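See structure below.
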2 protein chains.
Amino acid sequence: MRPTVHDIAAEAGVSLATVDRVLNGRPGVRRQTVEKVETAVSRLGYVRDVMAANLARRRIYPLVFVIPAGPNSFMRVLEAEIAAAMGRSSVERTSIRIETVPPFDSGAIVRVLDALDPQSVSGVALVATDTEEVRIAVDRLIDQGVQVATLVSDLPGSRRVHFCGIDNIAAGRTAGNLIGRFCAGRPGKVLVVAGSLKLSDHMDRASGFAAVLKSEFPELEIIGPVETNDDADAVRSAVGAALDADPHIIAIYNLGAGNRGLIEAIAARKPRRPAVIAHEVTRHSRQALADGVFDAVINQDCGHEVRSAIRVLKAYADGLNPLSAQERIRIDVFLKDNLP
Amino acid sequence: MRPTVHDIAAEAGVSLATVDRVLNGRPGVRRQTVEKVETAVSRLGYVRDVMAANLARRRIYPLVFVIPAGPNSFMRVLEAEIAAAMGRSSVERTSIRIETVPPFDSGAIVRVLDALDPQSVSGVALVATDTEEVRIAVDRLIDQGVQVATLVSDLPGSRRVHFCGIDNIAAGRTAGNLIGRFCAGRPGKVLVVAGSLKLSDHMDRASGFAAVLKSEFPELEIIGPVETNDDADAVRSAVGAALDADPHIIAIYNLGAGNRGLIEAIAARKPRRPAVIAHEVTRHSRQALADGVFDAVINQDCGHEVRSAIRVLKAYADGLNPLSAQERIRIDVFLKDNLP
DNA sequence: GGATTTCTGATTTACGTACCTCAAATATTG
DNA sequence: CAATATTTGAGGTACGTAAATCAGAAATCC
């Protein structure tokens, strides 16, 4: 049987009320007594029954998700996953709010973060733009006792408790390795398309990709990265222009969004068939895989990311450590055959 | 606020005791009254607070995992994951027992299943051998009210509530697609190595692989599948013999265990460098990826499988439906760059 | 030494559900 | 209609914790 607060009280020779004060960090207990209780806790291996505790304190976890607005389908899928989590909130004892901000606008993120009431929010998950002002706003929230996790794009140097996303350098390397093998020794050029190199995730993918090509596939030469601000139309014209200008392009790596534009650009140049790798399974990329327009899609499971963010924020709010293996987001590689 | 049993009682115009009898399927309630309560439940959207319920009934979930013994490293990793889950059992309110049985021995599985006391076991997860006697034993357990889930290898035709594993046909197709692209149009032969075609997962992988090669890469000819009973030494000699006998083998797909033997066979024939795809990330396959001996490894996350099995069995034991997106096991594709 | 202040104990109520008992109401049977 | 069986109500205790109150004990101050 696992020990209860009663056992702790008996073991420490104090009353239940005192144990409660120590466990919940309330004042009014002498240092000596605190230690007695703490040794009893560790001797008996007591762990608070979170369910009973939540029941007793009628706890709910007020969480806020800060994500970019706009047409980016990945972000819209992310939003849908958050909405799905909101549907489970009564069971999971959460109360989730979504705040959308204009994409690539760190000022807007800062304003949202600063407007939060630290008393009534226990955790925040945000898709971060990697700028100093966001970093500062995040650290300020943390100082106010709010748990902050980054989602999809990390904020290195901040004190966020967790990053719910993939290792984007490794993702870029994976794309490089696949492109290299798909080209199978044939020399040529690889067009790299990015959204914005101000996003740390895009930057990381580009550098991982370049590193692998340089060291393992020197016969492939990189063109780009071309920046498109994740706009499908910009992707279409950029890719189209590049393909028309250079017949030696035998592969394309789109490490950002705007897959629709990429698909259109390739479709308009039918007979050519470059090896194509893109990111994120969406309606468009799924179709492109099925049609043989994309060869592989690298994906992060945003359902997993959202659920993980919720679990992690709840755990930290309770002073617990999340299960790291469960919270690691995989770099999924999808061919048309293993699409979920 | 979510509704409680009290709200249901008030809404249905009956007493708390009656609501309790209906919700927990206890006798002594007129059909009419049952219906009154049930309409109140659905009108208010009542869902039982599982935490409070578990607290009240001091519930623990006694679960049994039935897995093969023997040196198969994947199974040993699986066992380690189960052991890790046992370490969390006080928090998760589970009581987990592991039963190991000789591999490929359906009689032994049946004996273990038959020996279970359905009163004191709420769920069973088993790595099934696909035979009629196992199917019958599983269905018998289910009739006795025990929740049964299959793990890693499914038992089609049985009434198991859930399969915690991957779609192995799709996994085989994925391997075929990758091998085909890695060979990039070069004609040649592909050696397929299997453990036992009596395992439905191995059979499925083989057929998925063959289907893709036939339809999309007709320039590749399949040799095998060679059966090795998942024994590394058998794999080594079989692969070695095949490579020596046929210089046209340009790729190898090992869809079963025994990767150590595969690595040894290839290492002994240094200058040749076939494209190699294997299954499951283990110590050996991880090293082989890093060394460039394997090109890709297809993996199922067995930590995920174990955690999922536990969640699913608990959910069904409570009469709830698990979250399907969360419980879907991915077909992971690992190159050396995206290894976890 | 008395008045404070600080600490501690004892006790109670509550969370939402399970499960038990006992009595009362209603339905069924002979 | 009485006797019985079935159904329902009312109320309680328990699970493990949180949080509150109130009274007493101990330490500190002047």
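Each DSSP beta bridge with both residues in chain B is either parallel or antiparallel, and the antiparallel ones are about 10%. Within the listed set A:Leu78, A:Leu16, A:Leu151, the residue fluctuating most in the Gaussian network model of chain A (springs between alpha-carbon atoms under 10 angstrom) is A:Leu16. A simple charge model with +1 on the Cβ of Lys and Arg, -1 on the Cβ of Asp and Glu and nothing else charged puts the dipole of segment A:1-150 at about 760 debye relative to its Cα centre.
Database remark: amide H of A:Cys164 closer than 5 angstrom to the amide H of A:Thr150, A:Leu151, A:Val152 (H placed geometrically; neighbours at sequence offset of 5 or more, or on other chains; Pro and chain starts carry no H). Residue by residue, segment B:255-266 carries 3J(HN,Hα) couplings of 8, x, 8, x, 4, 4, x, 4, 4, 5, 5, 6 Hz when phi is fed to the Karplus relation 6.51 cos²θ - 1.76 cosθ + 1.60 (θ = phi - 60°); x denotes Gly or Pro. Grab the beta carbon distance between B:Asp114 and B:Ile60, set R0 = 25 Å, and tell me the FRET efficiency rounded to 0.05. The computed FRET efficiency comes out at 0.60.
Contact residues in segment B:77-117 (at least 40 Å² less accessible area with all protein chains than alone, 1.4 Å probe): B:Ser90, B:Arg93.
Using C-alpha pairs below 8 Å separated by at least 6 residues, the relative contact order for segment B:168-299 is 26 percent.
If you take the Cα Rg of chain B and divide it by 2.2 N^0.38 Å, with N the number of residues, what do you get?
Details: Rg = 24.4 Å, N = 340, 2.2 N^0.38 = 20.2 Å.
It is 1.21.
The 1.4 Å probe gives accessible areas that order B:Thr100, A:Thr18, largest first, as B:Thr100, A:Thr18. Computed from the C-beta positions of B:Glu132 and B:Arg88 and an R0 of 56 Å, the FRET efficiency is 0.95 to the nearest 0.05. This model, with +1 at the C-beta of Lys and Arg and -1 at the C-beta of Asp and Glu, gives the protein assembly as shown a dipole about its Cα centre of some 1340 debye. Taking every Cα-Cα distance in segment A:5-48 and sorting them into 10 Å bins from zero, the calculated P(r) comes out as 34, 62, 4 percent. Using all pairs of distinct alpha-carbon atoms, the Kirkwood hydrodynamic radius of segment A:68-213 works out to 17.0 angstrom. The antiparallel fraction among DSSP beta bridges confined to the protein assembly as shown stands at about 10%. Straight-line cross-link partners of A:Lys336 among the aspartates and glutamates, defined as a Cα under 12 Å from its Cα and at least 8 positions apart when in the same chain: A:Asp291, A:Asp295.
A label point on B:Val47, set 7 Å along the Cα-to-Cβ line, lies at 2.4 nm from each of its counterparts in the other copies, closest listed first. In chain A, Cα pairs under 8 Å separated by at least six residues give a relative contact order of 14 percent.
Give me the dipole magnitude in Debye, nearest 20, for segment B:168-299 about the Cα centre, with unit charges on the beta carbon: positive for Lys and Arg, negative for Asp and Glu.
On the way: 15 positive and 15 negative charges, 69 e Å.
With Lys and Arg at +1 and Asp and Glu at -1, about 340 debye.
Mind checking the per residue accessible area of the protein assembly as shown for me, 1.4 Å probe, whole number of Å²? The partial results should precede the final answer.
Values: 28750 Å² over 680 residues.
That works out to 42 Å² for each residue.
More than 35 Å apart: what percent of Cα pairs in the protein assembly as shown qualify? Spell out each step's value before the answer.
Details: 119809 of 230860 pairs.
Percent of Cα pairs beyond 35 Å in the protein assembly as shown: 52.
Of the residues B:Thr18, B:Ser42, B:Ile8, the one whose Cα sits farthest towards the positive end of the charge dipole of segment B:5-47 is B:Thr18 (charges of +1 on Lys and Arg Cβ, -1 on Asp and Glu Cβ, taken about the Cα centre). With 10 Å² as the minimum drop in accessible area between chain alone and full protein complex (1.4 Å probe), the qualifying residues in segment A:158-193 are A:Ala170, A:Arg173, A:Thr174, A:Asn177, A:Leu178, A:Arg181, A:Phe182, A:Ala184.
Just the protein heavy atoms count here, and of the accessible area of segment B:168-299 at 1.4 Å, carbon and sulfur take up 55 percent. The fraction of accessible area contributed by carbon and sulfur in segment B:5-47 is 50 percent, rounded to a whole number (1.4 Å probe; ligands and nucleic acids excluded).
Per residue, chain A reaches -14500 deg cm²/dmol at 222 nm when only DSSP H runs of four or more residues are counted, each adding -39500 (n - 2.57). Amide H contacts for A:Tyr61 (H built 1.01 Å from N in the peptide plane; partners 5 or more residues away or on another chain; cut-off under 5 Å): A:Thr94, A:Ser95.
Shown for A:Asn321: label points 7 Å from Cα along the beta-carbon vector, and their distances to the equivalent points in the other copies, 3.7 nm in ascending order.
Comparing mean-square fluctuations of B:Gly176, B:Gly256, B:Gly188 from a GNM of chain B with C-alpha springs under 10 Å, the top value falls on B:Gly188. With θ taken as phi - 60° and the Karplus curve 6.51 cos²θ - 1.76 cosθ + 1.60 applied, the whole-hertz 3J(HN,Hα) list for segment B:169-178 is 5, 4, 4, x, 4, 4, 4, x, 4, 5 Hz, x standing for glycine and proline.
Extending 7 Å from the Cα toward the beta-carbon at both A:Arg140 and B:Asp105 defines two label points whose distance is 6.7 nm.
Here is the interface size for A with B: some 3600 Å² of accessible area buried, both sides summed, with a 1.4 Å probe. When A:Ala17 is represented by a point 7 angstrom out along its Cα-to-C-beta vector, the spacings to that point in the other copies are 3.7 nm, nearest first. Positive-end ranking of A:Ser237, A:Asn338, A:Ala85 along the dipole of chain A, with charges on Cβ about the Cα centre, is headed by A:Ala85. Take the Cα of A:Glu216, step 7 Å toward its Cβ, do the same at A:Asp7, and the gap between the two points is 5.1 nm. Backbone amide hydrogens, once placed in the peptide plane, bring B:Ile98 within less than 5 Å of B:Phe65, excluding anything fewer than 5 places away on its chain. Label-to-label distance, A:Leu320 versus B:Ser95, with points set 7 angstrom from Cα along the beta-carbon direction: 2.1 nm. Between B:Ile136, B:Phe163, B:Pro62, the Cα set farthest toward the positive side of the dipole of segment B:51-165 (charges on each charged residue's Cβ, about the Cα centre) is that of B:Pro62. Take every pair of alpha-carbon atoms less than 8 Å apart whose residues are at least six positions apart; their mean separation over the length of segment B:5-47 yields a relative contact order of 41 percent.
In the elastic network of chain A, a GNM with C-alpha springs shorter than 10 Å, the most mobile of A:Asp231, A:Asp291, A:Asp20 is A:Asp20. The solvent-accessible area of A:Ile223, taken with every protein chain present and a 1.4 Å probe, is close to 50 Å². Solvent-accessible area of B:Ser73, all protein chains in place: 50 Å² (probe radius 1.4 Å, heavy atoms, ligands and nucleic acids excluded).
The values are calculated or read from the model by the stated rules, or taken from the named source; none is laboratory data. These numbers were taken from a predicted model, which means no experiment stands behind them. Ideal geometry is used to build each Cβ from the backbone, glycine not excepted, and the neighbour counts take in all protein chains shown. Just the protein is used for accessible areas: all its heavy atoms, side chains included, with ligands, DNA and RNA removed. Shrake-Rupley method; radii C 1.70, N 1.55, O 1.52, S 1.80 Å.
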